[in-house]
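Comments concern the structure below.
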Amino acid sequence: MSILARLSTLVKSNVNDLIDKMQDPAKEIDQLVLDMEDSVRQARSEVATCMAEEKRLAHQSENLAAEAKTWEEHAARAVQAGDDALAKEALRRKAQKEADRIETDKSAAEQKAQVENLVAGLRALELRVKDVKLRQGTLREKARAAKGQSPVSTGTSAFADFERMSGKIDALEAEASLTDELAGNTAAERASEKKLDKLSEDQSLDDALAALKQKLSG
C-alpha cells in the first residue's frame, strides 16, 4: 500500500470500531498509536523526497527549454549557410527537446499534486494521532471495562485489516496493469502507427523549416 493510501486509511479509520475488534486493548491501543506515529515519520520522509523530485523536474524543464532554443539557433545558422538538410535535423532536435520538456512539465505537475496530497494527509494524520494520544488512557480503560477480563492476546494486530486491504489494493493495481497490456495494439498496428508518425514528423519539419526561413527573411 502506498504511503498516501495508508494515510487515508488511518485518517478515515474508526478508532472505536478497531478497539471493539481488539483482543488485548491495553497493548493494541498503544500499538495503534505507534503505527500511526510511524506512518507520520514515513510521510514526512516521502514529502521531502517528492519535493526534491519536483525541484529536479523543474530544473530539467529549464534545461530542455534552453537546449531547444540552442537547436533553433543552430537551424537558423544552417539556413543562412544554405544547408536545408542540416537545418531540418536541427529543427528535429529542437522538436524532440520541446516534446521532452512538455513531458517533464507534466511529470512536475503530477509531482506537485502528489506533494500537496501528502502534506494534506500528513497534517490530517498528525491531528488524528494527537487526538488518539490524548484519549489513549481513557480508550484503554473503556475497552477493558467493556470486555471485562481481557483474554490472552492472540497476537492479532490492530492493523491486520490494513494489511489485508493493502493486499487487495496491490492485486487490483496488478490486474489493472495486466488489462492495459492486453488492450495494447498488435505488432502490425504499432508498425503502421510508426510509419504514420514518421510522415507526420517529416511534414512538421518541413513546416518548421518554412516558418524559420520566413522569420529570418522578415
Checklist entry - Listed residues 129, 119; which is among the hydrophobic types (A, V, I, L, M, F, W, C), crowded, with 17+ Cβ neighbours inside 10 Å and within 29 Å of the chain's Cα centre (by Cα)? => result 129
Next on the checklist: Checking the structure you have, find out if any residue of the stretch 78-88 is touching a Pro at 6+ places or on another chain (Cβ under 7 Å) and at pLDDT below 95.
Outcome noted: no
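Yes or no, residue by residue, for (1) at pLDDT below 85; (2) small (Gly, Ala, Ser); (3) open to solvent by less than 60 Å² (accessible area, probe 1.4 Å):
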residue	(1), (2), (3)
4	yes, no, yes
10	yes, no, yes
14	yes, no, no
19	yes, no, yes
25	yes, no, yes
47	no, no, yes
58	no, yes, yes
Checklist outcome for this item: Exactly one of 87, 58, 65, 75 is in a helix (DSSP H, G or I) and more than 30 Å from residue 210 (Cβ to Cβ), and that one is 58
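The values are calculated or read from the model by the stated rules, or taken from the named source; none is laboratory data. Everything numeric here is computed off the predicted structure, so don't read it as measured data. Backbone-built Cβ (ideal geometry, glycine too); neighbour counts: all protein chains shown. Just the protein is used for accessible areas: all its heavy atoms, side chains included, with ligands, DNA and RNA removed. Shrake-Rupley method; radii C 1.70, N 1.55, O 1.52, S 1.80 Å.
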